[in-house]
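To keep things clear, I will list the structure first and then write my remarks on it.
The values are calculated or read from the model by the stated rules, or taken from the named source; none is laboratory data. All of these numbers come straight from a predicted model, not from anything done at the bench. Glycine also receives a Cβ, built like all others from the backbone with ideal geometry; neighbour counts cover every protein chain displayed. The protein model used for the area step is the full one, side chains on, heavy atoms only, and it has no ligands, DNA or RNA in it. Shrake-Rupley method; radii C 1.70, N 1.55, O 1.52, S 1.80 Å.
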Amino acid sequence: MERIIDGVLKFQREVYPRQKAFFEALSTAQRPQALFIGCSDSRVVPELMTQQGPGDLFVVRNAGNIVPPHGIAPGGVSASIEYAVAVLGVPDIVVCGHSGCGAMTAIQSGGEQLKALPAVAEWLHFADAARRAVEERFAAEDVPTRLNMLVRENVLVQLDNLLTHPSVATAVRAKELRLHGWVFDIATAGVETYDAQAGRFTALERASLAGAI
Ligand SMILES: [Zn+2]
């Protein structure tokens, strides 16, 4: 924890003074470019991987980058989505999975690891459709390949779940909001994005925007 406190002090002493006017202007309002829904994993840092700064991303992170469907007891994820879309009017939502995801690994282990973690187990039920899809379609593949597929299927399931939220469905239909499914590779910084027209993940580039939902 000492390193973290030292970081705060360093930020106040060295970083903040150089950007004082920026932070003062930022203090009155936010207008983020996107809602970024990612995993809590410490190695997946939204602002770092997208090279954005304060005020740019409205971020929700949880184990497994999960979006509970609308209608389940309201929680932090649903409230943050509603606020980002209906109040802040974000034009884009990114759901970002990643390589080596502990939550997806736990699902893949068949629940053995989850017996001692009831809260995690219950939370990860929101990825059941992804687990089922991988079991049905990729049963013959080896474990690492199946994990990669599970990470991707989970991103797709959470995009489906996003569309059950009335604020999201309404804005997408009005073409005021686009949805993006990403997978980040920790070791290489590679990002794949889901091309909804082609029905597959491809390397992210500017042209990828045409395949957004
Ligand atoms: Zn993860």
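Tabulated data
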| read-out | value |
| --- | --- |
| Kirkwood Rh and Cα Rg combined as Rg over Rh, evaluated for the range 1-70 | 1.04 |
| Accessible area in square angstrom per residue, the chain, 1.4 angstrom probe | 57 Å² |
| Debye log10 I(q)/I(0) for the chain, one point scatterer per Cα, at q = 0.07, 0.08, 0.11, 0.17 Å⁻¹ | -0.24, -0.31, -0.58, -1.25 |
| Most mobile listed residue (LYS20, LYS115, LYS175) in the chain, GNM with C-alpha springs under 10 Å | LYS20 |
| Highest to lowest packing among 69-77, 104-112, 184-192, scored as the average C-beta count within 10 Å | 104-112, 184-192, 69-77 |
| Sulfur and carbon atoms: percent of accessible area, the chain [1.4 Å] | 56 percent |
| Shape category assigned to the range 60-169 from the gyration tensor of Cα positions, a/c cut at 1.5 | prolate |
| Positive dipole terminus of the range 1-90, leading residue within ALA29, ILE5, VAL59 (C-beta point charges) | ILE5 |
| Spatial extent of the range 154-196: Rg and Dmax, with the Cα atoms as the point set, Å | 12.5, 38 |
| P(r) of the range 83-134 over all Cα-Cα pairs, binned every 5 Å from zero, in whole percent | 4, 16, 23, 18, 11, 12, 11, 5, 1 |
| Taking all pairs of distinct alpha-carbon atoms in the range 30-112, Kirkwood radius in angstrom | 13.7 Å |
| Residue of PHE138, PHE23, PHE36 that the Gaussian network model of the chain assigns the largest fluctuation, springs spanning Cα pairs under 10 Å | PHE23 |
